[in-house]
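The values are calculated or read from the model by the stated rules, or taken from the named source; none is laboratory data. In this text, all values refer to a predicted model and were calculated from it rather than measured experimentally. Note: ideal-geometry Cβ built from the backbone for every residue, glycine included; neighbour counts use all protein chains shown.
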Amino acid sequence: MRSARGPSLLLGLTLAACTSPTDEDPTTTSTTTGSSTSTGDPTTTTTPTTTPTTGDPDDTSTGTPEVGPDPLPPLTKPVPLTTDERREPTHAVDVDKLYDPRLPADLAQMLIEAYDGWTLAPGEPVLPRTLDGAAAPAPGAAPKLLTRFVHLADTQLSDDESPARLVNLDQVADGAFRPQEGHYCRMLNAAARTINRLHEDMPLDFVLLGGDNTDNAQTNELEWFMGILDGAPKVECDSAEDNDLVPGPDNDEKDPFGPVGLDIPWRWVTGNHDLLRQGTWPIAKYLGEPVSDNAGGGTRDYSQPGSPIVTGPVLADPRRAFISEAEQLQRIADASDGHGIDADALALGRAYYHFDIEGTPLRILVISTAAATGSSKGLIRQLDIDTLIEPALQAAAAAEKLVIITSHHRASSLYDGTEPGLGVGQAFPDALTGADWVSYLGTHPHVIMHLAAHSHVMSVVAQQPLGGHAFWDVTSPSLADFPHQLRMLEVWDQDNGFLTIRTVAFDTVTEGDPIAETGRTVGYVDYTSGWTGDGRGKTPDDRNVELWIEKP
């Protein structure tokens, strides 16, 4: 059995309640007062006793960007795929939820009881699948790889100290709190480092995001996310006050660090959390909340031992301001190569665009299914079909392109624009159901796959609309939640009248990166404690597969 903790780390967890905040362990999840129960309110009310040290976010008087610690070196070994080996938790899932990971004392106890333990298990083979369940045909004489890329979905990069957090809703709304979320910046950096090594050994064309790249539509979250993937000189995922949890540089999750940056292009996809307050409520109604000095729904306080959840006064930070969709897209378009956001997307104010894979018949069509009017559910309206999607698919057909459609939400996550049971959002009479969407895509034989995310659970569905063209519906796991994996996808021309889509999951590699590794294994605790589900899918047919589809 393996664990992310060494003896000093475990000692830090158990003693942090007796030490000053600057003596805490990098997990920042040490014992404080509180009972071991999942039914009580995990928050306390506190008054901030420290002062902001992050400075004016608009101060660029020096003209020189700050430089952080040196980036981590490239990985020294090839990246193992889940066909080679798999990380398996060793602690059974606690179906009774004996502990609450929001409580520092409970989380520390779970670490003592090895809820974060794991072991290496044999890999899973790539399983062939066909749309009708028949045996796969034999490949032709000269199969050709058309593209290879990585799908990086649901990073949920979080400012976990923001007064706009709603941690106290976690019992009724899964995902309002995750004990590992303070480590997400380092986990994303580890993902970039892993992708770079994968690219060295198995050249990749691009990284396609899955949406929910940020967690709460905040400006600082977007800046952190882009800084990590673009390789900014320094990223510091800390807001309001300068939290140095372990004295010294670059040794805890709140310290500045030098991102490695991706060596290949990445392309933006919008998710509901990128646009909405906690992925559900329209930001226009809550513009003052993230920049305020009061946390009403529960947020993390790193100035206290164990970083407990608190309500009440907090230090304000203007960098936390919500960011509109239009401003978000403009910032993305202005950075690096624009990450796919072109003039048409900017004029529309939504992330609709396409790009072709050079030297192949493949086209990636990116559509936005996030409802800016509210609701975590996906929204595709007939208006979108008529004015955006149908013209794009007609143009692709005229150019004899084979299309991969990608969005944040899959077919089964589509709804009418409202949030069931919450009275949030706006109902649109022309909203498509999941069945409507599948039937619609069935009228376009050159669509080979709809690639999505949102559920945080791997799945592969053979969509077979009645009387229409069958296609594959593929959903990727979340970097934020267990198993914290990504998908690598390849499209092959099998030289026999068929294409194959080969998809294999892989873990990030945290060689020499204990902060990212701690984040991942604390994420295992979130799973084994019973507070989040299993993102690996129902069966091996949802993970490592080779999907056959006849060429149109």
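Key figures
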| read-out | value |
| --- | --- |
| Test: residue in the stretch 251-265 that is touching a helix residue (DSSP H, G or I) at 6+ places or on another chain (Cβ under 6 Å) and not in a loop (DSSP other than H, G, I, E, B) | no |
| Test: residue 303 is touching a strand residue (DSSP E or B) at 6+ places or on another chain (Cβ under 6 Å), under 30 Å from residue 111 (Cβ atoms) and outside any strand (DSSP E or B) | no |
| Residue 398, sole failed condition from (1) crowded, with 20+ Cβ neighbours inside 10 Å; (2) over 22 Å from the mean Cα position of the chain (by Cα); (3) of a type outside the set (S, T, N, Q) | (1) |
| Residues satisfying the stated conditions in the stretch 233-248, i.e. in a loop (DSSP other than H, G, I, E, B), touching a Phe, Trp or Tyr at 6+ places or on another chain (Cβ under 9 Å) and either surrounded by fewer than 17 Cβ atoms within 10 Å (Cβ to Cβ) or aliphatic (A, V, I, L, M) (or both) | 234, 245 |
| Number of positions in the stretch 281-300 that are surrounded by fewer than 22 Cβ atoms within 10 Å (Cβ to Cβ), polar (S, T, N, Q) and in contact with a strand residue (DSSP E or B) (Cβ under 8 Å, 6 or more places away or on another chain) | 1 |
| Where residue 270 falls short, out of the listed (1) buried (at least 19 other Cβ atoms within 10 Å of the Cβ); (2) modelled with pLDDT under 95 | (2) |
| Residues of the stretch 345-375 that turn out to be in a loop (DSSP other than H, G, I, E, B) and either more than 15 Å from residue 205 (Cβ to Cβ) or of a type in the set (Asp, Glu) (or both), as a count | 13 |
| Selected residue (only one of 480, 516 is among the small types (Gly, Ala, Ser), crowded, with 24+ Cβ neighbours inside 10 Å and in a loop (DSSP other than H, G, I, E, B)) | 480 |
| Qualifying residue in the stretch 397-405 (condition: over 21 Å from residue 274 (Cβ atoms), charged (D, E, K, R) and part of a loop (DSSP other than H, G, I, E, B)) | yes |
| Within the stretch 85-150, strands (runs of 3 or more DSSP E) holding 3 or more residues that are surrounded by 15 or more Cβ atoms within 10 Å (Cβ to Cβ) and within 24 Å of the chain's Cα centre (by Cα) | 85-89 |
| Near pairs, Cβ below 7 angstrom, 6+ apart or cross-chain, from the stretch 126-155 (more than 21 Å from residue 535 (Cα to Cα)) to any residue that is part of a strand (DSSP E or B) and of a type in the set (Val, Ile, Thr) | 131/549; 136/130; 146/491; 147/491 |
| Single residue of 317, 337 found to be out of contact with any helix residue (DSSP H, G or I) (no Cβ under 6 Å at 6 or more places or on another chain), among the charged types (D, E, K, R) and closer than 18 Å to residue 220 by Cβ | 317 |
